[in-house]
Every structure is written in structure tokens, then in C-alpha cells.
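> To start, I am sharing the structure in question, which I have written as C-alpha cells.
Readers should treat all values here as calculations from the given coordinates under stated rules, not as data from a laboratory. Owing to the predicted nature of the structure, the values given are computational and were not obtained by experimental measurement. Using ideal geometry, Cβ is built from the backbone for each residue, glycine included, and neighbour counts are taken over all protein chains shown.
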Amino acid sequence: MAHHQHAAAAAAAPTAAPAVHVGEPRAGVPGPDTVLTLRDVCLDILTEDDPIPILRHLDLTVDKGQIQGLAGESGSGKTMTGLAIMGLEPPQARVTGEIWLGDENLAEMRGRALARVRGRRIGMVFQDPSTSLHPQLKVGHQLTDHARYHLHLTKSEARDRAVEMLERVGVPNPRDALDRYPHEFSGGQRQRIAIAIALMCKPELLIADEPTTALDVTVQAGVLHLIRDLVDTLGLAVLFITHDLGVMSAVADTVAVMRHGRIVERGHKRDIFVQPRHPYTKALLAALPGAKGGLTSREDLRHMDLTADPEIPDTVPGLDADGVPIPEADTEGKEARQ
Amino acid sequence: MTEPAKATGAEPILEVRDIVVDYPGHPPVRAVDGVSFELYPGEVVGLVGESGCGKSTMARVITGLLKPTKGEVLYRGEPLPPLTARRRSPKYTGIQMVFQDPSSSLNPRRRVGSQVEDGLQAARARAAYETEEGGVAVGAGVKELTASQWLQRIGLSAQAAGRYPQSFSGGQRQRIATARALAARPSLLVGDEPISALDASTQARVAGLMCQLALEQGTSLLFISHDLSIVRLIADRIIVMYAGRVVERGRTDQVWNDPRHPYTKALLGAIPAPDGSGRMPVATPTGTVYPRDEISH
Ligand SMILES: Nc1ncnc2c1ncn2[C@@H]1O[C@H](COP(=O)(O)OP(=O)(O)OP(=O)(O)O)[C@@H](O)[C@H]1O
Ligand SMILES: Nc1ncnc2c1ncn2[C@@H]1O[C@H](COP(=O)(O)OP(=O)(O)OP(=O)(O)O)[C@@H](O)[C@H]1O
Ligand SMILES: [Mg+2]
Ligand SMILES: [Mg+2]
């Protein structure tokens, strides 16, 4: 794991702001129900040459009972954000800033202490299914292992809970599934098993990185209902990463849009979809199939100019590199950040 | 593709007949239960269906990676030999696949540029083979692109070629796998959820690229996806699978505008609308079982 460096080693818990409604979009200012606070988080990949900036000054909060959506371009840093929270960023990465889970600053923790918090309080669904599931271990073992330890369950209690979770995410024949290996399942079934694993230990925070990409829409609907239900009844806090704006529109309370390692726009879901302010958010919505001015037919696909330079760099050029600051259009009307 | 290929009297490039696949187990799992269809040159067919209904299994059968329990696969009118040797005869490199899990199909120890280069090599070897056989090489007359140019086409920078797969995001890896497959100038491309990890604008770009390729060099595309809104744009025909069977098939506009099978209806009804309204898509009640008989158009 990488060594976190800190601009200021603040020991105190983040200062509480005046009461704000649950789910109010606030940039890194925690309220009384805030579960997760990112404050000025940066991530660079260290190389022999200059460090490559991947995440730039991220501020984000997720409250109890809130689904915070994270959308944005492929390669914009959504997965890295999730990994940085978990302390699972690649070894060449350097993370700075504060990452508060309740009153513990995860950015200052490492090793066993972080692993313990992670296992007990955060559930994560990884975008890459092979990260969530160990290929050589039976599904039942992967579901029950941590739960027995964290929830103090007997073997049979843990198996019962595992069956219940598999049932809830819609894995067919859940009891048989426990004795099978990951490769015996389809892509979407594996993804549902990963969701069940993430929810097994009753986490306070769920980080779900593209959790429904392999699901057909009918199964996806079931999973979205399940997550919404846990949020509404148990107060689960969710950081929901998805490129699928339909899914985002269905589940998220608030949405942050990322591009080039920055949050370029954030706000209530309704505002983001109905009155997007940032040019990138507008472009993203316009690219939806069927959107006005977007792709509506086969002809549009055929005549798309693909030889033109892609405007999508695969690394984050950052502010300094290309000299084009991307203003943050904040629907709260906060000033654009430089 | 101005004319439906079928109407022009062309021979299908691919025919699958009565495919059955059982996976070993106690009891064995019947993943595919009697699937037949054909694909014509230059045609784009969308294969959609429930998670776990056998789409990836069909993809593996079509590409020769998995021998079906019953049934046969004909590629250009001849039975497809199982893919056992490490290297494929150039004759069959015209079949390319983009796997559902891109991370496992890219070699972590090789730079992505050289992996795309493999695709270019395959195209050259096949062109030579086909010229020798007296045929017209696929992609003949089409300008050859370098590995870097392919990477640029899918929206990565030219410098990406020098990096290893792990240093890319999920969607970037998916696009690299697509670039490698396209570089091989396939006559038949099987894409298993090839754009599932991409944001809307990147999705449009990759779909556009595949579509143009089909047009430019007559590539047939079997496009497996759960995202009907993009399948609707790219596909000439749609095949809907449910529980190992084809339950509905037809021209894209027929299936989209007039779905007949209850599963297809559920599938169209559960697409969440990106309108910010917060409406949850309708979830199918647990335990719902649909009929497995095909309803024709
Ligand atoms: N070792 C590395 N060297 C250079 N760039 C890297 C490295 N590792 C990651 N990156 C870059 O970091 C950026 C962020 O990646 P991340 O996986 O967070 O993207 P993402 O928003 O999750 O994209 P996607 O939607 O495609 O999954 C990408 O542009 C990626 O190319
Ligand atoms: N190696 C295997 N051993 C046993 N069963 C398997 C194996 N591979 C797949 N299956 C089963 O076969 C069925 C079809 O799997 P397949 O991967 O083809 O589905 P799919 O349509 O691609 O689904 P998804 O959309 O979720 O990827 C599933 O029920 C799965 O559990
Ligand atoms: Mg990602
Ligand atoms: Mg599959």
C-alpha cells in the first residue's frame, strides 16, 4: 500500500457545519449525518519523470441514508477515487488530503488498522470482477469468511445469511451456489455475488463501482431496488459510481460529475439532469442515445468522424499541463474553482 | 448494408444450428438449449437477454473456444474446428472476439501497443493466406492503421501504446481489447458486452467505429449487450434469449416498437430513463418465470 502524505496532519474530527438536510450537495463540508468526507484529496502516480496527476482536489461527502452518485468520462478517476478511500490505490500512487470515515481519518491509517475499518465499516463492489472474487475459493467461503469474524456468527448462521443475501441479489439456487466456484457463473451472476459479499457485513458505507454493468435491465432493476431499500430502511450511505445515466437518474440523490480527475459539477440529481451547467455535463447528456441533438439513428453512427483527434486524453492533463482550467459549475451557485 | 444482406442472396458467414451446451456438475447445467441463427456478411445482429441466459456461452461456441454438447457451427459454410492449438490457422483469425471481462483477456506483462500489434499481424497473415488461396483478402484496399492509430480511434492517446494494461481504467481496457480485435480486420466480430463500461459519449464513439467497419469492409458483428438503447441504434436485427433459448427475433424496429414476448416486454420496460426524475425501473417480481417458446414476428 502506498504511503499517504499529508499537507496538514489534522488530528481533530472535521468541523461540523450548520445543520443541512440529508443529501444536500455540499463540497467536503460534513454535517451531523455525514459518514464519508473527502477533503482536498489528490492522487498522483509517481514515475521516473514528473508525477502524473490522476485526482485533483476532490471534495465530497456522503451522508447516512444518501446515495451520492459519481458519473463521468471513462478514465476520469472514478475508480481511483473509490480505491483511494479504501487505501487500495496502486503502489506507485501518492495520495494526499483527508479521507474521514466518521471521526477516523483513513488517510492517516494504514496496515491492519485500515484493513479492520475497511472490512467492518465499508463494503466495496469493485469494477473489475476479479478483484472482488478469488478464483480458487468457493463462493460460500468468500461470502461467510469476513462475516463470521465481523458479525460473530457461527458457520451455519453465516451460511444462512449468505443464502439470504444471494437470494436478495437474485442469484438462482443460492444454496447450491455456495459450493460453486466463481468461474461457474455468468458475468452478471458474478457481479451479483460481489454485491452480496459487499453487503454481508452490514457496512455503514457501500462503495459500488459500476455494480450493474453486467446485468440486464430487469435484474438491474432488482439490484437498484435492493440498494435503495437498504439506504431508506437502514440508513446505508452509498457512493455509487456509474457511467450509466439512466441508472444514475434512478438511484442517486445527489450527483457529482468527474472529468480529468476533477469534479466539474455537482448537485441534486434533478438539477444535474434538467439544468446541467458545465459544458461537459451537457455534452454527456447530449450523447445519450435518443437525446435531442444526440445519436438518434444508425446514420449518426455511420457518419461520425472518428479520424478527428479524440478530445479524450487517457491521462489527466491537469490544470497546469494544458493551461485550460476546467471551471467547476456548482449548482449551489458557489464560485467556480480555479 | 443498404439492402438487408439476406435479400441480396449472399451466403451467411455464420450458421449455428441447434446448439446445446451442458456444463458439468451435479446435475449438469444446461446453459444453452437448442439455439439456431445465422449471420450474413456486413450484418449487425444484437444478442440480448437475461443475465445468465447463455449469451457468453454462445459467444464461446461461435469463436471455437467451447465445443457444444450438441449442434454445429458453420463458418463460411464449413464446420468450425475446435480451437485447441495455441496458434490459430490464419483461415480462422477472421473471427475475433472481445471478451466480457477485458482484464482477463489482456496480457498484464505486455505493453498494450504490442498487443494491438498482434491484431495487425493476424490481419497481415490472413491477407497473405487468402491471396495465396486465390481469394480477395478481407480489408484489401482499406488503409492499414498502426497500433497507435487504432488506439487513437478508440479514444486513447498515441502514448497509450507504451503502457501496460493495469495502468488503464476499466473502460480504457475494454477499448484496448476492442482495438486489438478490430486491428485483426475481422470478417466476424463477436463483441461480448464490448461497451458496457463506457460513458455515453465514449460508447457512441466505439459503436460508431464498429458500425463503420461493418460498412467499410463487410464485417459481420454479433453484438452482445444488455443495453437495448444502444443495440437499437447499431443492430439490423435483434435476437432475444431467455433461459438458454431464443424467445424472440426480428428486425430491430419490429422488436423495439412491437415486442411480443413477455420477457422482451419486461426488458424494454425496465430501461431506466436518464431524465433526473428518480423513477425507479420496474423490478420483475422474484420468481417470475416466462415461457421459453419463441414468438415470431
Ligand atoms: N500507472 C498509471 N500510469 C498512468 N496513468 C494511470 C495509471 N494508472 C491509472 N492511470 C490513469 O488514471 C485515470 C483514472 O483511472 P480510473 O480507473 O479511476 O478511471 P474511471 O473514471 O474509473 O474510468 P472507467 O469509467 O473507464 O472505469 C485513467 O485515465 C488511467 O489511464
Ligand atoms: N463453467 C461453468 N460451469 C457451470 N455452469 C456455468 C459455467 N459457465 C456458465 N455457467 C452457467 O451457464 C449459464 C449461462 O452462462 P453465460 O455466461 O453464458 O450467461 P450470459 O448470458 O453471458 O450472462 P451474463 O449476461 O450475466 O454475462 C449460467 O447460468 C451460468 O451459471
Ligand atoms: Mg472505473
Ligand atoms: Mg456473459
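> Short version: ³J(HN,Hα) in whole Hz for each residue of the range A:91-100, in order, from phi by Karplus 6.51 cos²θ - 1.76 cosθ + 1.60 (θ = phi - 60°), x for Gly and Pro, what are they?
Karplus values, whole Hz, x for Gly and Pro: x, 7, 8, 10, 10, 10, x, 10, 10, 9.
> Turning to a different aspect of this structure: GNM, chain B, Cα, under 10 Å: largest mean-square fluctuation among B:250, B:42, B:77?
B:77
> Give me the percent relative contact order of the range B:146-274, please, defined on Cα pairs under 8 angstrom at least 6 residues apart.
Computed value for the range B:146-274: 17 percent relative contact order.
> Can you list the HN-Hα couplings for the range B:94-110, worked out from phi with the Karplus curve (6.51, -1.76, 1.60; θ = phi - 60°), rounded to whole Hz and with x for Gly and Pro?
Per residue, the Karplus-derived 3J(HN,Hα) values read x, 9, 10, 9, 10, 7, 4, 9, x, 4, 7, 9, 9, 7, x, 9, 10 Hz.
> In what order do A:100, B:256 fall by count of nearby beta-carbon atoms within 10 Å, going from fewest to most?
Ascending number of Cβ neighbours within 10 Å: B:256, A:100.
> Then there is this: If neighbour count is taken as other Cβ atoms inside 10 Å, put A:29, B:73 in order from fewest to most.
A:29, B:73
> Another question, if that's okay. From other protein chains only, count the Cβ atoms within 10 Å of every residue's Cβ in A:205-218, then give the mean.
For peptide A:205-218, the averaged partner shielding equals 6.
> In addition: As a footprinting exposure proxy, order B:117, B:132 by other Cβ within 10 Å, with the fewest listed first.
Going from least to most buried by this count: B:132, B:117.
> Starting from 0 in steps of 10 Å, tell me what percent of the Cα-Cα pairs of the protein assembly as shown lands in each bin.
3, 16, 27, 27, 18, 7, 1, 0
> Grab the beta carbon distance between residue B:74 and residue B:104, set R0 = 25 Å, and tell me the FRET efficiency rounded to 0.05.
0.30
> On the principal axes of its Cα set, how long, how wide and how thick is the range A:115-264? Give whole Å, largest value first.
Answer, in whole Å and largest first: 47, 31, 28 Å.
> Tell me, rounded to the nearest percent, the portion of alpha carbon pairs in the range B:214-297 spaced more than 18 Å apart.
49 percent
> Students often get this wrong, so check it: of B:91/B:143; A:78/A:282; A:64/A:269; A:202/A:269; B:55/B:265; A:64/A:202, which have C-alpha atoms separated by over 23 Å?
In this structure, A:202/A:269 lie more than 23 Å apart at Cα.
> Now for a separate question. Where does chain B land on Rg/Rh, using Cα atoms and the Kirkwood Rh?
0.96
> Another one. Towards the positive end of the charge dipole of the range A:43-113, with charges on Cβ (+1 Lys, Arg; -1 Asp, Glu), say which of A:67, A:96, A:79 has the farthest Cα.
The one lying farthest along the dipole's positive direction is A:67.
> Using only DSSP helix segments of four residues or longer, with each worth -39500 (n - 2.57), what per-residue ellipticity at 222 nm results for chain B after dividing by its residue count and rounding to 500?
Computed ellipticity for chain B at 222 nm equals -9500 deg cm²/dmol.
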